[in-house]
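Participant: After the structure tokens below, expect a handful of questions from me.
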Amino acid sequence: MSTESNDNARLSYLDAESVRGPFPTCKHVSVWNDEDGDLGQLDGIVVDAEARQVRYLVVAAGGTFSRRRYLLPFSPMRVDANRHALCVDANKMDLVRCEKFEPRAFHRFSDDDLLSALFARAQ
């Protein structure tokens, strides 16, 4: 799935440290699957605030010198509190086929995005 679309302007990036949910913060949360184990670290999420939807998980994967960030399309997942991880239905090959995360492609989540999420009509 390409992020090159008219909807791209609506998408914004929120870093993992700012994400609240199943953990007090999602900083240092791993992304796992049952087949391969650790796929990488949650770097953040890409959201469409107006539609009130998470579109992608930004997953940092690879070694110390070749670390890359990928846009993993958002789909249902489970929380593994013992591993401090999100368990996804994607494997390592799925991840490396995903589009690479380009920070300039998305604006940072802002107060305006929050207002859109709170007061825009649900789609």
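Participant: Right, L114: closer than 16 Å to Y13 by Cβ, hydrophobic (A, V, I, L, M, F, W, C) and open to solvent by 20 Å² or more (accessible area, probe 1.4 Å) or not?
Facilitator: Considered against the rule, which asks whether it is closer than 16 Å to Y13 by Cβ, hydrophobic (A, V, I, L, M, F, W, C) and open to solvent by 20 Å² or more (accessible area, probe 1.4 Å), L114 comes out as yes.
Participant: Let me ask another. Looking at the range 31-44, which of its residues are open to solvent by less than 20 Å² (accessible area, probe 1.4 Å) and touching a residue at least 24 places away in the same chain (Cβ under 8 Å)?
Facilitator: V31, N33, L39, G40, L42, G44
Participant: How many residues does the range 15-26 contain that are within 21 Å of H107 (Cβ to Cβ) and either assigned to a loop (DSSP other than H, G, I, E, B) or not small (G, A, S) (or both)? Write out each step before concluding.
Facilitator: To start, the set of residues in the range 15-26 that are within 21 Å of H107 (Cβ to Cβ) comprises 15-20, 26.
After this cut, where a residue has to be either assigned to a loop (DSSP other than H, G, I, E, B) or not small (G, A, S) (or both) as well, the list is 15, 17, 19-20, 26.
Counting residues in the range 15-26 that are within 21 Å of H107 (Cβ to Cβ) and either assigned to a loop (DSSP other than H, G, I, E, B) or not small (G, A, S) (or both) gives 5.
Participant: Which of (1) open to solvent by less than 40 Å² (accessible area, probe 1.4 Å); (2) in contact with an Asp or Glu (Cβ under 9 Å, 6 or more places away or on another chain) does R10 not meet, given it meets every other one?
Facilitator: (1)
Participant: Mind listing whichever residues of the range 85-100 are more than 13 Å from L39 (Cα to Cα) and either at pLDDT below 90 or in contact with a Ser or Thr (Cβ under 7 Å, 6 or more places away or on another chain) (or both)?
Facilitator: E99
Participant: Which of the residues belonging to the range 75-84 are open to solvent by 70 Å² or more (accessible area, probe 1.4 Å) and either at pLDDT below 80 or in contact with an Asp or Glu (Cβ under 8 Å, 6 or more places away or on another chain) (or both)? Even if it seems obvious, please write down each step before you answer.
Facilitator: Filtering the range 75-84 for residues open to solvent by 70 Å² or more (accessible area, probe 1.4 Å) gives 76, 78-79, 81-83.
Listed by number, the list holds a single entry, P76.
The values are calculated or read from the model by the stated rules, or taken from the named source; none is laboratory data. What you see is a predicted model; the values in this text were computed from it and never measured. Please note: Cβ atoms are built from the backbone with ideal geometry, for glycine as well, and neighbour counts cover all protein chains shown. Surface areas here come from the heavy atoms of the whole protein model, side chains and all, with no ligands, DNA or RNA. Shrake-Rupley method; radii C 1.70, N 1.55, O 1.52, S 1.80 Å.
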